[in-house]
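A short reminder: the numbers here are calculations on the coordinates, not readings from a lab. Bear in mind the structure is a predicted one, so any value in this text is a computation, not a measurement. Backbone-built Cβ (ideal geometry, glycine too); neighbour counts: all protein chains shown.
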Amino acid sequence: MADAPHNCVIIGSGPAGYTAAIYAARANMAPVMFTGKEPGGQLMITNDVENYPGYPDGIMGPEMMENFKKQAERFGTDIRYEMITQVDLGGEVKKIWTESGTEIHAHSVIISTGASAKWLGLESEQRLMNKGVSACAVCDGFFFRGQEVIIVGAGDTAAEEATYLSKLCSKVHMLVRRDEMRASKIMQKRVMDAENIEIHWNTETLEVLGTDEVTGARVINNITKEESEISGAAFFVAIGHKPNTGIFDGWLDMEDSGYLITKPDSTKTNIDGVFASGDAQDHVYRQAVTAAGTGCMAALDAERYLTAKEII
């Protein structure tokens, strides 16, 4: 039998979840957070964070998340290191089940489960993570200014990130596995117009090269089967992200790609009392600072919901 309903349960950690926890705790909502399998989210695999306001000298991603966690705990957030595996969001009281089978009840739920970058699945890619391999050009491109870099992908995100990198780097090698791009015409034009972007058509990566840092990539042409090496100080993977929203399928409105849909100018979902924040509902910006902003919004929306229901 579940305990009395909690005022607010936060599913997922990271900048969105921890910020929601800080605001909810300070509003006397006594939030309970379930961190999921990756406490701290994608920043736990990010070395230098230089674009988050308030850190003029930068900060390591794991250290930043530890600070977020301490601040949430300082105000009384109950942090539990478990995954949520099932939900029942119907009715006034929401039901949530942990991986250990515990049933949790809540008057409001804030979702901050984030999204995970899609990878090529290469051993060398994982080995050189944070040593030149990255899934975020906006986050890490600055570290490779003036150098040659490599980016993989053919959609709008890849085109946008390649264009971004072209303004920082001396040359951008763009690897496209077919003879055409999936990106919209306007994004393709921007790539084509950039003099320092070289597109390698029909090309797939066999291996990211380097021992302690990326030095390039070994690739194969899908038509000729010819193998070659491309030099580059960084290897950016831009083949998309997958939102961690599977357990909400059938309950919450979401895009075909799995991103949760929120009502305009809010974090409200299609179910009263359930709010979505961070990369689980943001496929456009995907930055730590924007995730934190929506975490704040979700806590404020939840507080207003609970106040209107006279629960707090």
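Tabulated data for the structure shown
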read-out: Enclosed volume per residue, in Å³, of the convex hull spanned by Cα atoms of the chain; value: 141
read-out: Amide H within-cut-off set for G216, under 5 Å, with H built and near neighbours excluded; value: L209, G232
read-out: Of K118/K167; K118/K171; K131/K167; K94/K118; K69/K94, pairs whose Cα-Cα distance is over 28 Å; value: K94/K118
read-out: C-alpha center-to-center spacing [region 210-257, region 158-202] in angstrom; value: 15
read-out: Region 119-237 - Rg and Dmax from Cα coordinates, angstrom; value: 13.0, 38
read-out: Disulfide-incompatible cysteines by the Cβ rule (no partner under 4.7 Å) in the chain; value: C8, C169, C296
read-out: Sequence-distant residues sharing a close amide H with C169 (under 5 Å, placed H); value: G146
read-out: Beta bridge orientation in the chain: antiparallel %, DSSP, nearest 5; value: 45
read-out: FRET efficiency, 1/(1 + (r/R0)^6) with R0 30 Å, evaluated for K118 and A30 via beta carbons; value: 0.25
read-out: Fewest-first ranking of M181, M60, using other Cβ atoms within 10 Å as the exposure measure; value: M60, M181
read-out: Sorted by Cβ neighbour density within 10 Å, fewest at the top, the residues I150, I199, I96; value: I199, I96, I150
read-out: Rg and Dmax [Cα atoms of region 6-131; Å; Rg one decimal, Dmax integer]; value: 16.1, 49
read-out: Ranking of K167, K69, K225 by count of other Cβ atoms within 10 Å, fewest first; value: K225, K167, K69
read-out: Percentage of interatomic Cα-Cα distances in region 101-143 larger than 13 Å; value: 70
read-out: Region 277-312 and region 55-101: distance between their alpha carbon centers, rounded to Å; value: 13
read-out: Over the chain: helical MRE at 222 nm, DSSP H runs n ≥ 4 each giving -39500 (n - 2.57), nearest 500; value: -7500 deg cm²/dmol
read-out: Directionally averaged projected area (convex hull, Cα atoms, region 182-308), nm²; value: 11.8
